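Notes to accompany the following structure.
The numbers here are math on the coordinates, done by the rules we state, and not lab data. Keep in mind that this is a model prediction, so the values were computed, not measured. For neighbour counting, all protein chains shown are included, and Cβ atoms are generated from backbone atoms with ideal geometry for every residue, glycine included.
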Amino acid sequence: MKYLIRTSWWKWLAIGLLIYTVIGGLLFSVPRLPILNETIRVLHFHVPMWFGMIFLFTASFIQAIKHLKSGSMESDLISVQLAEVGLFFGMLGLLTGMLWANFTWGSPWSGDPKQNSAAISMLIYLAYFVLRGSISDEQMRGRISAVYNIFAFAALIPLLFILPRLADSLHPGNGGNPGFNTYDLDSRLRLVFYPAVLGWTLFGFWIATVKIRMSRIKKIREDV
Amino acid sequence: MFSQIFLLIRKDFVIDWRLKHPFTGILLYIASTIYTVYLSFDAVITPAVWSSLFWIILLFIATTALAKSFIQEERRHLYYYFTIKPNVLILSKLIYSFVYLSGIGLFGLLIYIILIGRPEFSLGLFLLNFFNGVLGLSVAFTMIASLAVHTAQKGNMMAILGFPVILPILLLAISNSRRIVEGAVWDQISSFSLILTSVNVIIVVLTLILFPYSWKS
């Protein structure tokens, strides 16, 4: 994280990739599939949110482990901000998915197994913030919430990667990868999709670094 | 180490035996919940509803029953801190919670069957899945209880923190028992049982690793 905060080349990369994603994702030609039609373009805006969320939560999980090992409050601060941005990405993933489902499945929420697991993972991380709010001692808050963070991350894995594979779902890519089917991906889609994943993920970390700086300053001001 | 674990487990049961009211209170709680269910779900219970309702009842009982596991230790906190290793304490708590919740659950199942009746299914398989699910419930809620004890609203925290985390286990247990109630045989559910067991193993290992950190304060 420290390296990411100091350097800036990857921010330019994120900007470039996202401009490319928006232009390419909306204008390039896409394969014409029944029912999906033009909504297939959501692939570049919906699926990368989940990639971003997973990466951010993983980073938050790693910082939580670091905090438990060293007791450094810096890791605790970073861990929280990463989880917040991860949660934000998850919410965006849910919203873009609902928007898409409204056009293809006929209603924004149809209780699909994948929608449900996504919603439950949001609940888990919301509970994480409730937990932080209910402990007043700083050291204690850091340790207890880091333990819950690790526990929550472990619950997230079966939720996102195992349970959806056991149930029937309408979601594209059913029966294999939980998000989409790699073999369905047309080379025209790949041309935008992979840069989109990288771009949105970098953008997520960028937001996180700004938030980390802000909360550092806030903490210094509180201490003074 | 084993003698310490044994003594700690025995101590918890002795407390239950001497105090009586927490344990009998929980039994009364589960009995009256089942009675409420019996009266309000009269004649609409299909086999699938039967198994799901049972697990939901068990979920709520587990939240209340296992909340006490660390709250009752608060005054002994310092004493434990100097005399035993945290792993010994958590292992004894896990075993105790599992036995405690299994007992309450079996009592509940008995009343549930007496009042609501039971569809035709293999009881052996159902019990196997029952113990598998109860293991997950008891371990996860014991861990959550050890976190909730440090917060301001201990009682609410059990439900707020516990429900989302327990959902994967609960969903696996419910879908398994639903298959059993609808007449599945071992071959049809073995892979799902194995997944549930492996999720349980992960949670047990995590609890053993993480508990020492949440304990020292």
Spin-label model distance (nm) - residue A:218 vs residue A:98, 7 Å beyond Cα toward Cβ: 2.5 nm
Per-pair calculated FRET efficiency, R0 = 51 Å: residue A:37 and residue B:209 via Cβ, rounded to 0.05: 0.55
Cα gyration tensor, chain B - rounded (a/c under 1.5), prolate or oblate: prolate
Gyration tensor (alpha-carbon) shape descriptor, segment A:1-74, a/c threshold 1.5: oblate
Inter-part distance where segment A:106-140 and segment B:52-66 are each reduced to a Cα centre, Å: 21 Å
Size of electric dipole in segment B:1-146: Cβ of Lys, Arg +1 and of Asp, Glu -1, about Cα centre, debye, nearest 20: 540 debye
Neighbour-count order for A:74, A:138, fewest beta carbons within 10 angstrom listed first: A:138, A:74
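Per residue of B:162-170, what is the mean number of Cβ atoms on other protein chains within 10 angstrom of that residue's Cβ? Don't jump to the answer; show the numbers that get you there.
Details: counts 1, 4, 14, 11, 1, 10, 13, 2, 0.
For this peptide, the per-residue mean of nearby foreign Cβ atoms is 6.
Hey, could you grab the Kirkwood Rh for the protein assembly as shown? Inverse mean 1/r over distinct alpha carbon pairs, Å, one decimal.
Values: mean 1/r = 0.0418 Å⁻¹.
Radius from the Kirkwood sum: 23.9 Å.
What's the FRET efficiency of residue B:156 with residue B:190 using the Cβ-Cβ distance as r and R₀ = 56 Å, to the nearest 0.05? It would help to have the intermediate numbers written out before the result.
Numbers: r = 38 Å, r/R0 = 0.69.
E between residue B:156 and residue B:190, to the nearest 0.05, is 0.90.
Quick one: B:202, A:54, B:114, B:90, fewest Cβ neighbours within 10 Å first, how do they rank?
Values: B:202 15, A:54 21, B:114 11, B:90 25.
Going from sparsest to densest Cβ surroundings: B:114, B:202, A:54, B:90.
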Residue B:71 versus residue B:122: modelled label distance in nm, points set 7 Å from Cα along the beta carbon direction: 4.1 nm
Shielding by other protein chains, A:161-167, mean Cβ within 10 Å: 3
Alpha-carbon centroid distance for the pair segment B:89-161 / segment B:3-51, whole angstrom: 9 Å
Where labels lie 7 Å past Cα in the beta-carbon direction, separation of residue A:137 and residue B:56 in nm: 3.9 nm
Cross-link table A:114/A:211; A:114/B:93; A:69/A:219; A:211/B:154, entries beyond 27 Å C-alpha to C-alpha: A:114/A:211; A:114/B:93; A:211/B:154
Within 10 Å of each Cβ in A:140-152, the average number of Cβ atoms from other chains: 5
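At 0.36 nm per residue, and after removing the present C-alpha to C-alpha distance, how many nm does the segment from residue B:42 to residue B:24 gain when stretched out fully?
Taking residue B:42 through residue B:24 to full extension adds about 3.8 nm, to one decimal.
In debye to the nearest 20, how big a dipole does the protein assembly as shown give about its Cα centre with +1 on each Lys and Arg Cβ and -1 on each Asp and Glu Cβ? Intermediate values should be presented prior to the final figure.
On the way: 34 positive and 20 negative charges, 273 e Å.
The dipole magnitude comes to about 1320 debye.
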Bins of 10 Å from zero: percent of alpha-carbon pairs in chain A: 8, 30, 33, 21, 8, 1, 0
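Under a point-charge model restricted to the Cβ atoms of Lys and Arg (+1) and Asp and Glu (-1), what is the dipole moment magnitude of chain A relative to its Cα centre, in debye to the nearest 20?
On the way: 20 positive and 12 negative charges, 130 e Å.
Charge dipole of chain A: 620 debye, to the nearest 20.
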